[in-house]
Amino acid sequence: HLYTQMEKEGTDITRSPMKIIQGIPFIKCFADNWAEVESFQARPDDLLICTYPKA
């Protein structure tokens, strides 16, 4: 695993700054653009693809 390899090599692992939006922590770069996400208007012919990573 990459994380384990980075630990063995002494590579610093840092987390991105977080911001809370409506009680949910988001990475700052996502939170900074949240107004665009909230104002998004889907059209009837849009296709939404949603995925999640395997653990």
Nearest 500 deg cm²/dmol is fine: what mean residue ellipticity at 222 nm does the chain get from its DSSP H runs of n ≥ 4 alone, each adding -39,500 (n - 2.57), divided by its residue count? -6500 deg cm²/dmol
Test of understanding: what is the full-extension gain from residue 24 to residue 46, defined as 0.36 nm times their sequence separation minus their Cα-Cα distance? 5.2 nm
With a ≥ b ≥ c taken as the square roots of the eigenvalues of the C-alpha gyration tensor of the chain, please select rounded if a/c is under 1.5 and otherwise prolate if a/b is larger than b/c or oblate if it is not? oblate
For the pair residue 14 and residue 32, how long in nm is the line joining their label points, each one 7 Å along Cα→Cβ? 1.4 nm
Name the residues whose placed amide hydrogens come within less than 5 Å of the amide hydrogen of residue 21, ignoring near sequence neighbours (fewer than 5 apart) on the same chain. 26
Sorted by average packing, counted as other Cβ atoms within 10 angstrom per residue and highest first, what order do 34-47, 15-28 take? 15-28, 34-47
Nearest 20 debye, what's the magnitude of the dipole of the chain about its Cα centre given +1 on Lys and Arg Cβ and -1 on Asp and Glu Cβ? 180 debye
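The numbers here are math on the coordinates, done by the rules we state, and not lab data. None of the values given here were measured: they were computed from a predicted structure. Cβ atoms come from the backbone with ideal geometry, glycine included; neighbour counts cover every protein chain shown.
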